[in-house]
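Engineer: Okay, here's the structure, questions in a sec.
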Amino acid sequence: MKKIQMVDLKGQYDQIKETVNASIQEVLDNTAYINGPQVHAFQKNLEEYLGCKHVIPCANGTDALQIAMMGLDLKPGDEVITADFTFAATVEVIALLQLTPVLVDVNLFNMNIDIDAIKKAITPKTRAIVPVHLFGRAANMEAIMEIAAQHNLYVIEDNAQAIGANCKFSDGSKRKAGTIGHVGATSFFPSKNLGAYGDGGAIFTNDDELAHKLRGIVNHGMYVRYHHDVVGVNSRLDSVQAAVLNAKLPKLDEYNRARQEAARKYTKALSGHKNIIAPEICDVCDCHVFHQYTLRIVGADRNGLMQHLLDKGIPCAIYYPIPLHAQKAYLDPRYKEEDFPVTNLLVNEVISLPMHTELDDEQIQFITDSVLEFLK
């Protein structure tokens, strides 16, 4: 059995080496390293894939979130509601812009932001909601957009983990995660479902006026060289990373299907055990693209299981061990522990198993056997 990786970037690269190398060579040949033709091509190709009017590439996913908020003209003190159970970048940019983060609990079933918690958190100062499509599963965007419309709020989708996932609406229609709110943001960090070979990110919107503003913000506030019309930043996707992403984008659906198939095999082997709550996945599932495959371990030693797996050469991780409301940087007397029962439960139960496009049946069997061996 080949060595198990948490994310097998080398194995994936070996499958597309010729295409990626040729794409990078084009950049080296034309020497347009910043804002070159590969960047424009990737932008257009991603717009077509997502069914979104405007994609604005940028340097990384955290910048994408920050720039999205800058484009909406949120002011210091404005309240922004987001999930307590996620990576810190989501709340980090809110604080950096001197906005007021309002952390709320998540849903136990899908670990995404809880709809009732959003409703309870809205005040006259609330200006925006930031749902996170956690671990690759689309949040309940229909309900979130309805709340936003009722209260005249912006919706900024954190789609760093769920590119390619579909959100289904009650009328039967589907739209890609990240393209439903007023603006969306994603990351192309190497381990993502669509990953670059370095940092990268993008912002999505169907609003022409907002798109124009965002394009200025990412480039020092310039639309014409040396004419600074808005306050901006320096956040551009470089041409080499765009070349890599352009080579990988046609395979994104294939990559997501491989993750879903691996998830089905995991769940089939692990579901039904009294100490395991495994992610649900149906045969036609397209709302979850499994950036992570995350179990809940109940009534058993989660940390002991983690060490057992590591001792057997199986990488695993806890996403996330500390809720945002308990992080030193974001402590606030407004937060009460009783407001976060699900998040406080999850940080003690979750464990993520290896998940990537190159997992094979032998590896999955060894991983699941090892989990069951410990929990027997």
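The values are calculated or read from the model by the stated rules, or taken from the named source; none is laboratory data. As the structure is a computational prediction, the values presented were derived from the model and not from experiment. Here the Cβ positions follow ideal geometry from the backbone for every residue, glycine too, while neighbour counts run over all protein chains shown. Accessible surface is based on the protein model in full, side chains and every heavy atom, while ligands, DNA and RNA are left aside. Shrake-Rupley method; radii C 1.70, N 1.55, O 1.52, S 1.80 Å.
Engineer: Could you list which residues have their amide H under 5 Å from that of CYS167, counting only those 5 or more apart in sequence or on another chain, with H placed in the peptide plane?
Structural biologist: ARG175, LYS176, ALA177
Engineer: Express the accessible area of segment 216-327 per residue in Å², computed with a 1.4 Å probe while the remaining protein chains stay in the model. It would help to have the intermediate numbers written out before the result.
Structural biologist: Values: 5060 Å² over 112 residues.
For segment 216-327, the solvent-accessible area averages 45 Å² per residue.
Engineer: At what distance in nm do the modelled label points of LYS274 and LEU97 sit from each other, each positioned 7 Å from its Cα along Cα→Cβ?
Structural biologist: About 5.0 nm, to one decimal.
Engineer: Over segment 1-160, with the other protein chains present, what is the accessible area per residue in square angstrom, probe 1.4 angstrom? Spell out each step's value before the answer.
Structural biologist: Numbers: 6830 Å² over 160 residues.
I get 43 Å² per residue for this part.
Engineer: Given the options GLU338, GLU26, GLU261, state which has the largest fluctuation in a GNM of the chain using a 10 Å cut-off (strictly under) for Cα springs.
Structural biologist: GLU338
Engineer: Can you give me the % of accessible surface on segment 117-226 that is carbon or sulfur? Probe 1.4 Å, all protein chains present, nothing else counted. Display every interim value, and only then the final one.
Structural biologist: Values: 2110 of 4310 Å².
Within segment 117-226, the accessible surface is 49 percent carbon and sulfur.
Engineer: Mind checking which lysines have their Cα closer than 20 Å to the Cα of LYS53? Skip sequence neighbours fewer than 8 apart in that chain.
Structural biologist: Within the straight-line limit of under 20 Å, LYS53 reaches these lysines: LYS44, LYS168, LYS174, LYS176, LYS213.
Engineer: Now for a separate question. Just the C-alpha atoms of segment 259-353: what Rg/Rh do they give, with Rh taken as the Kirkwood radius? Mind showing how you got there, number by number?
Structural biologist: Working: Rg = 15.3 Å, Rh = 15.0 Å.
Using only Cα positions, Rg/Rh for segment 259-353 is 1.02.
Engineer: If you count only protein heavy atoms with a 1.4 Å probe, what accessible area per residue comes out for segment 173-212, rounded to a whole Å²? Mind showing how you got there, number by number?
Structural biologist: Values: 1300 Å² over 40 residues.
Accessible area per residue, segment 173-212: 33 Å².
Engineer: Quick check: with the 1.4 Å probe, what order do SER352, SER191 take by accessible area, largest first?
Structural biologist: SER191, SER352
Engineer: Using the beta-carbon distance between SER191 and LYS265 and R0 = 22 Å, what value does 1/(1 + (r/R0)^6) give for FRET efficiency, to the nearest 0.05? Spell out each step's value before the answer.
Structural biologist: Working: r = 21 Å, r/R0 = 0.93.
Efficiency, rounded to the nearest 0.05: 0.60.
Engineer: Next question, about the same structure. Can you give me the distance in nm between label points at ASP116 and TYR226, each placed 7 Å from the Cα along the Cα-to-Cβ direction?
Structural biologist: 6.1
Engineer: Just to be sure I understand the model, the point goes 7 Å from the Cα along the line to the Cβ. What's the resulting ASN234 to LYS75 distance in nm?
Structural biologist: 3.2
Engineer: Report the one residue of LEU46, ASN152, ALA329 whose Cα lies farthest in the direction of the positive end of the charge dipole of the chain (charges on C-beta: Lys and Arg +1, Asp and Glu -1; origin at the Cα centre).
Structural biologist: ALA329
Engineer: Build a GNM of the chain with springs between Cα atoms under 10 Å: which of LEU28, LEU309, LEU353 gets the top mean-square fluctuation?
Structural biologist: Largest GNM mean-square fluctuation: LEU28.
Engineer: Place a +1 charge on the Cβ of each Lys and Arg in segment 130-261 and a -1 charge on the Cβ of each Asp and Glu, then give the dipole magnitude about the Cα centre in debye, rounded to the nearest 20. Show your work: numbers first, answer last.
Structural biologist: Working: 14 positive and 14 negative charges, 79 e Å.
Dipole about the Cα centre, nearest 20: 380 debye.
Engineer: Can you tell me how much longer the chain between HIS151 and ILE322 gets when fully stretched, taken as 0.36 nm per residue apart minus their C-alpha distance, in nm with one decimal? It would help to have the intermediate numbers written out before the result.
Structural biologist: On the way: separation 171, 0.36 × 171 = 61.56 nm, distance 3.11 nm.
Contour length minus the Cα-Cα distance gives 58.5 nm.
Engineer: Oh, and also: Taking 0.36 nm per intervening residue step and subtracting the Cα-Cα distance, what contour gain separates CYS282 from MET1 on full extension? It would help to have the intermediate numbers written out before the result.
Structural biologist: Values: separation 281, 0.36 × 281 = 101.16 nm, distance 2.86 nm.
Length gained, CYS282 through MET1: 98.3 nm.
Engineer: For segment 282-326, what % of the accessible area comes from carbon and sulfur atoms, probe 1.4 Å? List each step's numbers first, then the result.
Structural biologist: On the way: 990 of 1800 Å².
Carbon and sulfur: 55 percent of the exposed surface of segment 282-326.
Engineer: Can you pull out the trypsin sites (Lys or Arg not before Pro) in segment 65-173 whose DSSP state is coil and whose Cβ has at most 14 other Cβ atoms within 10 Å? Spell out each step's value before the answer.
Structural biologist: Working: sites: LYS119, LYS120, LYS125, ARG127, ARG137, LYS168; in loops: LYS125.
Counting only loop positions with at most 14 other Cβ atoms within 10 Å, the trypsin sites (Lys or Arg not before Pro) in segment 65-173 are LYS125.
Engineer: May I pose another question? What does the charge dipole of the chain about its Cα centre add up to, to the nearest 20 debye, if the Cβ of each Lys and Arg holds +1 and the Cβ of each Asp and Glu holds -1?
Structural biologist: On the way: 36 positive and 46 negative charges, 26 e Å.
Around 120 debye, computed over the chain.
Engineer: Of the residues CYS52, CYS285, CYS167, which exhibits the maximal mean-square fluctuation in a Gaussian network model of the chain defined by a 10 Å Cα contact cut-off?
Structural biologist: The residue that fluctuates most here is CYS285.
Engineer: Placing unit charges on C-beta atoms (Lys and Arg positive, Asp and Glu negative, everything else neutral), compute the dipole magnitude of segment 251-342 about its Cα centre in debye, rounded to 20. Mind showing how you got there, number by number?
Structural biologist: Details: 13 positive and 12 negative charges, 51 e Å.
Using Cβ point charges on Lys, Arg, Asp and Glu, segment 251-342 gives about 240 debye.
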